[in-house]
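Below is one structure, written out as structure tokens, with a few remarks after it.
The values are calculated or read from the model by the stated rules, or taken from the named source; none is laboratory data. Just so you know, these numbers come straight off a predicted model, no measurement behind them. Cβ placement follows ideal geometry from the backbone for every residue including glycine, while neighbour counts extend to all protein chains displayed.
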Amino acid sequence: MTSSSRALVLFSGGQDSTVCLAWALARYDRVETVGFDYGQRHAVELAQRSVIRERFLSAFPLWAPRLGEDHMLEMRGFGAIGETAMTQDRAFEVTEKGLPNTFVPGRNLVFLTYAAALADRRQAGILVGGMCETDFSGYPDCRRDSLDALQGALNLGMAQDFRIETPLMWLTKAETWGLAQALGGAALVDLILEDSHTCYRGERGARHAWGHGCGACPACELRAKGWDEWVAAGRPLTAIP
């Protein structure tokens, strides 16, 4: 049987999943991470995963004993199906469906299904993801009702009692910075700035006030906007959900 004290975090190496990892480490006795290689053009984020995990071990000694194994799942076949700007060198634009062409159809649904299969083997009852309805790009599989439906299907199909936790679901990007500060103080904020990766183009050369990235892709613009709003508001803390 799975345990409600063990969590598996969907960990990409980006800002949101790094905050989710900290949130899980503050809450659960055992936390493992899983990443997905689906052929993303910003694959540099995958390289940052191990960097961030090592930083957690050294910077947060109270959390270090809780951080368990990391898992990497190869899903390039799935990534190729969507033919999106996330896996191909294409301009970022809105499709005829009104969705950004960075939307990989069903990505979060597939990720969570794979994660649940892994969690079943690892006896983890909690799946943690950084999906968000407040500051998002209109992706339908980021919505809480989509995840509630999937949670029900996973539990029926696997005879389990998984719980999909989404601590960022109702937070803006500014509030996500505030949650990082509330969870791990300046050390966690600095870790996110220096080591996490969000840029869709995979650029890590320039170091902006908000971190590394091209500064022009949708992911960079959203991250920068959130940082600027948080700083302008005086860097308030966000209540831990």
Only residues that are touching a Phe, Trp or Tyr at 6+ places or on another chain (Cβ under 6 Å) and closer than 12 Å to A115 by Cβ: list them for segment 18-49, please. T33, G35, F36
Only residues that are closer than 18 Å to F36 by Cβ and not in a helix (DSSP H, G or I): list them for segment 138-155, please. Y139
Taking segment 156-178 only, how many residues are surrounded by 15 or more Cβ atoms within 10 Å (Cβ to Cβ) and assigned to a helix (DSSP H, G or I)? 7
Could you please let me know if E83 is in contact with a Lys or Arg (Cβ under 6 Å, 6 or more places away or on another chain) and at pLDDT below 90? no
What are the residues in segment 183-226 that are surrounded by fewer than 22 Cβ atoms within 10 Å (Cβ to Cβ), of a type in the set (A, V, I, L, M) and touching a strand residue (DSSP E or B) at 6+ places or on another chain (Cβ under 8 Å), if any? L193, A206, A224
Pairing a residue in segment 61-77 that is free of Cβ contacts under 8 Å to residues at least 40 places away in the same chain with any residue that is part of a helix (DSSP H, G or I) and among the aromatic types (F, W, Y), where Cβ atoms lie under 9 Å and the two sit 6 or more apart in sequence or on different chains, gives A64/F56; M75/F111; M75/Y114
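Residue-wise test of (1) out of contact with any helix residue (DSSP H, G or I) (no Cβ under 6 Å at 6 or more places or on another chain); (2) under 17 Å from F11 (Cα atoms); (3) modelled with pLDDT of 95 or more.
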{"position": "A187", "(1), (2), (3)": "no, no, yes"}
{"position": "L191", "(1), (2), (3)": "no, yes, yes"}
{"position": "Y200", "(1), (2), (3)": "no, yes, no"}
{"position": "W210", "(1), (2), (3)": "no, no, yes"}
{"position": "A219", "(1), (2), (3)": "yes, yes, no"}
{"position": "A224", "(1), (2), (3)": "yes, no, yes"}
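Tally the residues that are under 10 Å from the mean Cα position of the chain (by Cα), of a type in the set (S, T, N, Q) and in a loop (DSSP other than H, G, I, E, B), restricting the search to segment 1-49. Explain how you work it out, then say what you get.
The first filter runs over segment 1-49 and keeps only residues under 10 Å from the mean Cα position of the chain (by Cα), leaving 9-21, 35.
Subset that is of a type in the set (S, T, N, Q): 12, 15, 17-18.
Next, only the ones that are in a loop (DSSP other than H, G, I, E, B) stay: 12.
Matching residues across segment 1-49 total 1.
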Within segment 141-169, how many residues are of a type outside the set (S, T, N, Q) and without any contact (Cβ under 8 Å) to a residue 40 or more places away in the chain? 14
For segment 179-203, which positions are assigned to a loop (DSSP other than H, G, I, E, B) and not polar (S, T, N, Q)? H197, C199, Y200, R201, G202, E203
